[in-house]
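Take a look at the structure below.
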Amino acid sequence: MSDPTAWMRDEYEVLVKASLDWRPPVLEGPSTPRCRVGGRERLMLCSNNYLNLSNHPRLKEAAIAAVRSHGAGSGSVRPIAGNMDLHVRLEQRIAEFKRRDAAIYYQTGFAANAGLIPQLVGKGDHLFTDELNHGSIIDGVRLTKAARNIYAHNDMGELEDLLRKAPDTGRRLIITDGVFSMDGDTAPLDEICALAGEYGAMTYVDDAHGEGVLGEGRGIGVHYGVEDKVDIEMGTFSKAFGVVGGLAAGSEHLAKYAFNKSRTFLLSGSAPPATVAACTAALDVLDEEPQHVVNLWKNTAYFRRGLQQLGYDTGVSTTPIIPAMCGSSKQAQALSGELMQRDVFALPIVFPMVARDKARIRVIMNAGLAREDLDEALGAFEMGGKAAGVL
Ligand SMILES: *Cc1c(COP(=O)(O)O)cnc(C)c1O
């Protein structure tokens, strides 16, 4: 008998041969700035836990208390029987935090994009999307029958051209990442909002890497002074907020419409109490403890300058995502290995995630790293960079 799943082994082996399969290191404890991997303590330089909130006592205590008071699971989807006071309170807090009228909390950011985007435009409508938008946006876009207009990365001239040429019928939606996670650059949201106003389009920004980071932590809308102009501010709790979950903030009718229409929300169990309570605590901490965002940016400036002084090209980033350019995928992989040998955990980003000659180590800075940690990491980048032939 032939095995009908044999093709999976073949396809997997193709990945292995091309060194494109994932074999991630295993964290043997929490995602802390000094974490345990492979039985040793390492400096963590590639988590999305920008503010180290996943280890904040208030988040941990909130999660434990919520398990005691509300149990381990929510029991259902939100619209049927899984709508707890904890969810409702979190959505109020998100709206307050984003200074918007209302918000909806999804199980993940992916679920927000895949569930909401297909409900905003359909047949006869027009989508305008940056070529480098995140995969979850791409999947959301694939679920719509709207006409797709993909513009070159951050190319406002092309965006305007496409807006001008699109037929004057149906709805229009411009979607962009706020911070682009490979290069750490940002979308010119002020210009995008201006174009949207001129050409009658809705705006949707995915601020997964901007919330907790830009605009004193409130995100890219505040950073560009257009927080009240963005129609749909989407985000995630899985990065700087240190937990997990997605969000969309905007008008009262957006939140109500999204609640009633998003299939990933309607047809999938709601987040468990511990998660929801920890997310609410994350927003409280951001409001009351500004030092985390301040430390993040201090560390970012210090580390970026340090890498540049060693001779690294750090690309076009203006955020705590700091690429150390290596050239070929082989060189990036070699440098990552050299870093790991020196107890620095920083993974390479290689083709096909970036162009063949733009492989890099992507450092994501963390507010919880001390100055000694950064100096130690820079030392590893110096020695490792020489050993790997990158410097
Ligand atoms: C990480 C990320 C997501 C997915 O968010 P999750 O909450 O982890 O599912 C969506 N969009 C962008 C731009 C991201 O970086």
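The values are calculated or read from the model by the stated rules, or taken from the named source; none is laboratory data. Not measured: the values here are computed from a predicted model. Ideal geometry is used to build each Cβ from the backbone, glycine not excepted, and the neighbour counts take in all protein chains shown. The accessibility values were calculated without ligands, DNA or RNA, using every heavy atom of the protein model including side chains. Shrake-Rupley method; radii C 1.70, N 1.55, O 1.52, S 1.80 Å.
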Worksheet item: Got at least one residue in the range 181-194 being out of contact with any Ser or Thr (no Cβ under 7 Å at 6 or more places or on another chain) and open to solvent by less than 10 Å² (accessible area, probe 1.4 Å)?
Response: yes
Filtering the range 234-252 down to residues that are out of contact with any helix residue (DSSP H, G or I) (no Cβ under 6 Å at 6 or more places or on another chain), within 14 Å of residue 208 (Cβ to Cβ) and open to solvent by less than 40 Å² (accessible area, probe 1.4 Å) yields 235, 239, 240
Output for Cβ contacts, cut-off 7 Å, separation at least six or different chains, first residue at pLDDT 90 or above in the range 7-22, second open to solvent by 80 Å² or more (accessible area, probe 1.4 Å) and acidic (Asp, Glu), reads none
Among the residues of the range 153-190, the number that are over 25 Å from residue 97 (Cβ atoms) and within 12 Å of the ligand (Cβ to nearest atom) is 1
task: Can you confirm whether the range 103-124 contains a residue that is more than 30 Å from residue 153 (Cβ to Cβ), assigned to a loop (DSSP other than H, G, I, E, B), open to solvent by 10 Å² or more (accessible area, probe 1.4 Å) and more than 16 Å from the ligand (Cβ to nearest atom)?
output: no
Note on residue 65: of the conditions (1) of a type in the set (A, V, I, L, M, F, W, C); (2) buried (at least 16 other Cβ atoms within 10 Å of the Cβ); (3) touching a residue at least 24 places away in the same chain (Cβ under 8 Å), unmet is (2)
Those residues of the range 37-55 which are open to solvent by 30 Å² or more (accessible area, probe 1.4 Å), in a loop (DSSP other than H, G, I, E, B) and polar (S, T, N, Q) amount to 48, 52
For the range 158-179 the number of residues that are within 26 Å of the chain's Cα centre (by Cα), open to solvent by 10 Å² or more (accessible area, probe 1.4 Å) and farther than 19 Å from residue 118 by Cβ is 1
Counting only strands (runs of 3 or more DSSP E) wholly inside the range 146-218, the ones holding at least 3 residues that are touching a residue at least 24 places away in the same chain (Cβ under 8 Å) are 172-177, 202-206
Qualifying residue in the range 191-203 (condition: within 15 Å of the ligand (Cβ to nearest atom) and assigned by TED's automatic domain parsing to the domain that holds residue 152):
no
With the first residue restricted to the range 228-248 and required to be more than 7 Å from the ligand (Cβ to nearest atom), and the second required to be modelled with pLDDT of 95 or more and open to solvent by 30 Å² or more (accessible area, probe 1.4 Å), Cβ contacts under 6 Å at 6 or more apart or on different chains are 231/202; 242/54
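From the list 277, 208, which one is farther than 30 Å from residue 170 by Cα and touching a helix residue (DSSP H, G or I) at 6+ places or on another chain (Cβ under 6 Å)?
That would be 277, the only listed residue that is farther than 30 Å from residue 170 by Cα and touching a helix residue (DSSP H, G or I) at 6+ places or on another chain (Cβ under 6 Å).
Please go through the range 313-356 and give me each residue that is charged (D, E, K, R) and more than 24 Å from the chain's Cα centre (by Cα), ordered by number.
330, 338, 342, 343, listed by residue number.
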The condition from (1) free of Cβ contacts under 8 Å to residues at least 40 places away in the same chain; (2) more than 16 Å from the ligand (Cβ to nearest atom); (3) open to solvent by 10 Å² or more (accessible area, probe 1.4 Å) that residue 143 misses is numbered (2)
